[in-house]
1. Which residue, of 37, 64, 29, 73, is free of Cβ contacts under 8 Å to residues at least 60 places away in the same chain, touching a strand residue (DSSP E or B) at 6+ places or on another chain (Cβ under 9 Å) and farther than 21 Å from residue 183 by Cβ?
2. Within the stretch 82-121, how many residues are at negative phi and within 13 Å of the ligand (Cβ to nearest atom)?
3. Looking only at the stretch 156-179, how many residues end up being of a type in the set (Gly, Ala, Ser), outside any loop (DSSP other than H, G, I, E, B) and more than 10 Å from the ligand (Cβ to nearest atom)?
4. It is to be established whether one or more residues within the stretch 113-134 are out of contact with any Gly (no Cβ under 7 Å at 6 or more places or on another chain) and closer than 16 Å to residue 17 by Cα.
5. Step by step: first the residues of the stretch 148-166, then only those that are farther than 14 Å from residue 122 by Cβ and not aliphatic (A, V, I, L, M), then the one that is surrounded by the most Cβ atoms within 10 Å (Cβ to Cβ). Which residue is that?
6. Over 14 Å from the mean Cα position of the chain (by Cα), more than 12 Å from the ligand (Cβ to nearest atom), loosely packed, with under 13 Cβ neighbours inside 10 Å and within 19 Å of residue 80 (Cβ to Cβ): which single residue out of 201, 187, 194 fits that description?
7. Report yes if some residue within the stretch 63-72 is within 21 Å of residue 175 (Cα to Cα), at pLDDT 95 or above and either surrounded by 16 or more Cβ atoms within 10 Å (Cβ to Cβ) or among the β-branched types (Val, Ile, Thr) (or both); otherwise report no.
8. Looking only at residues in the stretch 126-146 that are surrounded by fewer than 16 Cβ atoms within 10 Å (Cβ to Cβ) and touching a residue at least 40 places away in the same chain (Cβ under 8 Å), which one is farthest from the chain's Cα centre (by Cα)?
Amino acid sequence: KRIVILISGRGSNMEAIVQACEAEQWRARIAAVISNRPDAKGLQFAASRGIPTAVVDHTQHASREAFDAELARVIDGYRPDVVALAGFMRILTARFVQHYHGRLVNIHPSLLPAFPGLHTHRRALEAGCKLAGATVHLVTPELDHGPIIIQAAVPVLPSDTEDSLAERVLAKEHLIYPRAVRWMVDGVLDLRKGIVTHRDGDA
Ligand code: GRF
């Protein structure tokens, strides 16, 4: 199987997937890491691991449709079975999302359906949440609303700042995202009913 990972910046979730793929000897390889920003830090890590990298710069495209079309063209050149958004900070058109139906996953730093969109940790603190967390979900046209594959929760501490909470959640992201991508690769998820279930029950 072939996995394509899309990033916009640091790429620590991408790194976690790359490392798990190697360490656990998945029946898959990372076919490419693609960024919409030429200066994304994660590109260096990918290149250092011998993973093909590509940039599709959104600022060089006149419209969202044109950007998405070019992005899909580049992605499809790698014939991916799974496309993982890992800190990819562009909203995708419905056409793009539908093209990757059942293959496209995202990680979001909140316990969805709470706090879709940006500034999740700030909003969780402002709401007085006692738990926060992260969610891996299938991507559907509505932002951060697709069927949930896996979640992890962390406590919110009275002393927390946006940064300290983000750090605690990120550590969980690095555990659950590789696990979810592995389930996709292994084909053990039932994606048919709009609610994702693991074939072997809970895992
Ligand atoms: C992560 O918290 C991800 O959930 C969010 O943006 C951050 C990206 O971090 N959407 P990284 O690029 O994977 O290090």
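The values are calculated or read from the model by the stated rules, or taken from the named source; none is laboratory data. Here the structure is a predicted model, which is why all the values come from computation and not from measurement. In this analysis, Cβ positions are derived from the backbone assuming ideal geometry, glycine residues included, and neighbour counts consider all displayed protein chains.
1. Among 37, 64, 29, 73, only 37 is free of Cβ contacts under 8 Å to residues at least 60 places away in the same chain, touching a strand residue (DSSP E or B) at 6+ places or on another chain (Cβ under 9 Å) and farther than 21 Å from residue 183 by Cβ.
2. The qualifying residues number 19.
3. So the count comes out to 2.
4. yes
5. By that ranking, first place goes to 151.
6. Unique residue meeting the criteria: 187.
7. No: the stretch 63-72 contains no residue that is within 21 Å of residue 175 (Cα to Cα), at pLDDT 95 or above and either surrounded by 16 or more Cβ atoms within 10 Å (Cβ to Cβ) or among the β-branched types (Val, Ile, Thr) (or both).
8. This residue is 141.
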